[in-house]
Structures are given as C-alpha cells and as structure tokens.
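Notes for the one structure printed next.
The values are calculated or read from the model by the stated rules, or taken from the named source; none is laboratory data. All values derive from a computational prediction rather than experimental measurement. Ideal geometry is used to build each Cβ from the backbone, glycine not excepted, and the neighbour counts take in all protein chains shown.
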Amino acid sequence: MQTILGANGQIAEELTKTLYQQYTKKIRLVSRNPKKVHDSDELVSANLLNANATEAAVAGSEIVYLTVGLPMNSSMWEAQFPVMMQNVINACKKKDAKLVFFDNTYMYAKTSDPQTEKSPFAPEGRKSAVRAEIAEMLLKEIGSGSINAVICRAPEFYGPGKTQSITNTMIFDNIHQNKKLKVPLSDTTRRSLIWTPDASSAMALIAHTPDANNQTWHLPCDDRRPTYEQLINMAAEIYGKPLRHQVVNMLTFQIGGLFNSKLKELKELLPRYKQDNIFVSEKFKARFPDFKVTTFKEGISQIKKENQL
C-alpha cells in the first residue's frame, strides 16, 4: 500500500497516475474530501491536524507521500503546517513507513545565486519561515536516523489541469481567456519552472530508489530557464498569435493588497521575481540520466492542446 496525504492537488493527482501505471495498484488517497483517480483507489477522509486520524491514515503503508497544500494564509500556515508535519513524522515512525515529502523553495534566499540541495535556508517572511521550519523538522529526524525519508523539492509549477501557480494564473489562464498577460515585477529575469507531471514522476522514481533514501533531491526542470519575455514569445509561436503582456510593478501589488487578501499574502513571494531564479537539478539528472524532462515547448504545446479539447 502506498498512501498520498493531501490527495486533491495537481501534484497528488499526477503522482497517483504514475504510481498506478508504473509501481502499484494499491493506492490510498487521503484528504478531508478525497476523490478517486482510479476505481481501485482507496479513499480515506482524515484531518492531519489530528494525530490519531493521521496514524490511522498511514497504517499499513509502505510509502507515504506528503503533498499537502494550504491556502495562501500566513496565520493558517503557522498554526497548521508544523502540527501536520509532526503528526505525519510520528505516524510514519510508529507504522514503519517511508516518508516522501514534497517541498518547495520558499526557504531559500531570494537572490540570483544558484539553488542546490546544499543551499542554506534564508527565509524572509512568515510563509518562508514556516516552510523552513517543517523542512528542518524532517531533516532533524533524518539526521538522527529515526525515520526513513526523502525530501523532494521543486520550484514554481507550470502545467496542465488544475496546476496552480503565478505563471499559470497570469500567463496561460489569460491566454485561454483572451486577456492581456501579466508578468510580476520583471520580464527579463530568468525563471526556473517545473512541469507538474515531471515533478510527480520524478518523486515516484526517487521514492522507489533505495539509494536515494534520507537525502534532499531537487526535482528535474528544463535547464533553459527563459525570461517571461522569452516564455511568452515561445507561447506566441506555439499558439500562432501575438500575445501582449504587461509588467506589474510592486506598487500595484501593494495597493491591490490593501483590498485583496490573496494579493497581500502574495507580496512576500514577489522579491524572487526581481532576480534570476536558478534552480539546479543536476544531482537528479546525474543519478537518473534516462529521465525525460519535458521541455518548455513540449509543455506549452500540451497546455494548448488540453485547452482546445
């Protein structure tokens, strides 16, 4: 049995498909309101803030994937993420299950320095501090040898389906709605973006590779790292039409944040768009040289195709 905690998001859905196709048909999907991807999926409704419910959800699992996401709300993150992480760690230790944690890059410095698995944590802002805290909780357990676990870290998403990210929202959603494209802060800084199905497939591969255990892994991205201007030009070529875009400055976000809570919560993350974002996944590519990374042209073409159906 393999169990996915936080089973409603795009990463979890793609992970479920990969596990079913390549590894096992015994899959348990856990969230407050889980939905089947395959007829054989086992559904468990559980609140991971409850230690007993978390332990019951993990019971009988060989591998447990933690892919939980929360709304962009700093207070909620501070109150809930550490509790959930501790409950999941305790449950996996007690039930002797391997833990695979899907992580992001918020805890890294918001600079143009290349980000590797050895980059120090330098969180700025409440959400970044929470992400550093829960990653450090698991790293401490790994370091002590008390748990078998891996951390799979990804930069910003772009992708099909219900992929949620700034890039999907401001670029690809606006293309399909025939709206002017929006770019945060700069269209000339380089962006590292990961195709969501690649993130899920790579995470499953790491989970089933014994010598990958008890390490942090950067999940694989297309190394082209285009600027938003280059990405939009690529999209215009693929869609066969001109695409206009507008760079949204920080002042506009600050004013919008006075009236919109989502924009207010987003403001903490925006400084990373002022700088090149160089997420390095060479460790993964060296260990798994046969893994096929989706190129930006392939990914954008697939987004276009999906939205024409």
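Observations on the structure shown:
- Hits in segment 255-309 - residues which are exposed (fewer than 15 other Cβ atoms within 10 Å of the Cβ) and of a type in the set (Asp, Glu): 282, 290, 298, 306
- Conditions (1) within 16 Å of the chain's Cα centre (by Cα); (2) part of a loop (DSSP other than H, G, I, E, B): number failed by residue 113: (1)
- Residues within segment 181-193 that are among the β-branched types (Val, Ile, Thr) and either over 16 Å from residue 231 (Cα atoms) or in a loop (DSSP other than H, G, I, E, B) (or both), tallied: 2
- When the residues of segment 143-180 are filtered to those that are within 21 Å of the chain's Cα centre (by Cα) and part of a helix (DSSP H, G or I), the one that is surrounded by the fewest Cβ atoms within 10 Å (Cβ to Cβ) is 169.
- Every residue from segment 2-35 that is free of Cβ contacts under 8 Å to residues at least 40 places away in the same chain, surrounded by fewer than 21 Cβ atoms within 10 Å (Cβ to Cβ) and more than 20 Å from residue 163 (Cβ to Cβ): 24, 25, 26, 32
- Lone unmet requirement of (1) surrounded by fewer than 22 Cβ atoms within 10 Å (Cβ to Cβ); (2) under 28 Å from residue 24 (Cβ atoms); (3) in contact (Cβ under 8 Å) with a residue 40 or more places away in the chain for residue 202: (1)
- Some residue of segment 80-99 being in the same structural domain as residue 214 (by TED's automatic domain parsing), under 17 Å from the mean Cα position of the chain (by Cα) and over 30 Å from residue 26 (Cβ atoms): no
- Boolean, residue 133 is more than 23 Å from residue 207 (Cβ to Cβ), modelled with pLDDT of 95 or more and surrounded by 14 or more Cβ atoms within 10 Å (Cβ to Cβ): yes
- The residue pairs whose first member lies in segment 89-115 and is small (Gly, Ala, Ser), whose second member is surrounded by fewer than 16 Cβ atoms within 10 Å (Cβ to Cβ), and whose beta carbons are closer than 6 Å, counting only pairs six or more residues apart or on different chains, are 109/122.
- Looking across segment 236-266, the residues that are within 15 Å of residue 178 (Cβ to Cβ) and part of a loop (DSSP other than H, G, I, E, B) come down to 240, 241, 242, 243, 244.
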